[in-house]
Amino acid sequence: MLLIKCPWCGDRDEHEFSYGGEAHIVRPRDPEKLTDDQWADYLFMRKNPKGAHLERWVHAHGCRRWFNVERDTVTHAITAVYKMNEKPPRSSKT
Amino acid sequence: MAKDYLRQSALAHLHLAALGVDDPDGAGVVLCERPFRGQLSLRGNSADHEFVEGVQGVLGVGAPLDPNTVNVAGNITVLWLGPNEWLIVTPDGQETELVERISDALAGQHFAVSDVSDSRAIIGLTGIHARDVLMKGCSLDLHPRAFNAGSCAQSSLARCHVLLHQINEIPTYDIYVHRSFSDYAWRWLEDAAREYGFAIINQSAIDVVTQRSTRKESPVSA
């Protein structure tokens, strides 16, 4: 079980949170100008790194805020937690 | 609102009034329902001074800005739910007027206030083993260094989404649980409390009993 540090509520048990997939995916400004491949890439294609991964979590059973987490997909070690409008930590390779 | 004679609290079907005592002497855990309180959901930008001051002007106390804290003024309690979300708890019958006063005071601003009374049932829990009972079903750190009087937190208790508010050091808690989960939550609490010896107290008596216990303890804490 992970102990995740919500930026507002502090350390809470993993079961209070829901996972929201890869972070920092920006919706294209003009979707109608994209090719099907580009649109499919935006919709479906995700990084699947072995190591540091930037991802979104929501504190569903707590303050119900979304935030970002940097988690190692091998060890599950959480190396950074930052709010939605903040930049990822510099150490991040992804 | 339902007509008075039709109005039932979330746990009315358990007939707690018939089971309740006034003096739960010796019980390690004391439970009661705290029925019929006004509850308002308040949303707004805590970084906006006009909003913060407007709320303070109406309530007599500011909305708490520190996560998981509670501000109390007289009979009004304001609980932090999120960085832009609060729950205001009032005595029964005052919620409608308060919605109007907040709406008037904040007119023209970006905010929302909604009457959500009766959406949550409130269960009162006190006694020297109250914390032990909660620890059986809740992953929060409830140690006094992390969670004490004036703290609140949303978490899960035995898989129910709950809002916990610690009122004093006995400890006494108000447990806000969504109405449809209240029967399950109550039965779970009764079961969890059984090993410590528990009593159901008349809701009119719980404040008297907790105040008496606080006085007993005060020379020690002072």
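Read-outs throughout are calculated quantities, based only on the coordinates presented, and are distinct from any laboratory measurement. Small disclaimer: the values here were computed from a predicted structure and weren't measured. Heads up, the Cβs are rebuilt from the backbone with ideal geometry, glycines too, and the neighbour counts pull from every protein chain shown.
On a per residue basis, the convex hull of the C-alpha atoms belonging to region B:37-115 measures out at 72 Å³.
The C-alpha atoms of chain B occupy a region whose extents along the principal axes are 54, 45, 32 Å, arranged from largest to smallest.
Take each peptide in A:68-80, B:84-96, count the other Cβ atoms within 10 Å of every residue, and average; sorted highest first, the result is B:84-96, A:68-80. Its residue count N fixes a reference of 2.2 N^0.38 Å for chain A, and the Cα radius of gyration divided by that reference is 1.19. Select from region B:1-93 those trypsin sites (Lys or Arg not before Pro) which occupy a DSSP coil region and have at most 15 other Cβ atoms within 10 Å, ordered by residue number. When the trypsin sites (Lys or Arg not before Pro) of region B:1-93 are filtered for loop state and at most 15 Cβ neighbours within 10 Å, B:3, B:7 remain.
Relative to the compact-globule estimate of 2.2 N^0.38 Å, the Cα radius of gyration of the protein assembly as shown comes out at 1.16.
Model label sites at residue A:1 and residue B:8, defined 7 Å from Cα along the beta-carbon direction, differ in position by 3.6 nm.
Mean partner shielding of peptide A:8-16, defined as the number of other chain Cβ atoms within 10 Å of each residue Cβ, is 5.
What FRET efficiency comes out for the pair residue A:27/residue B:101, r = Cβ-Cβ distance, R0 = 35 Å, nearest 0.05?
About 0.30, to the nearest 0.05.
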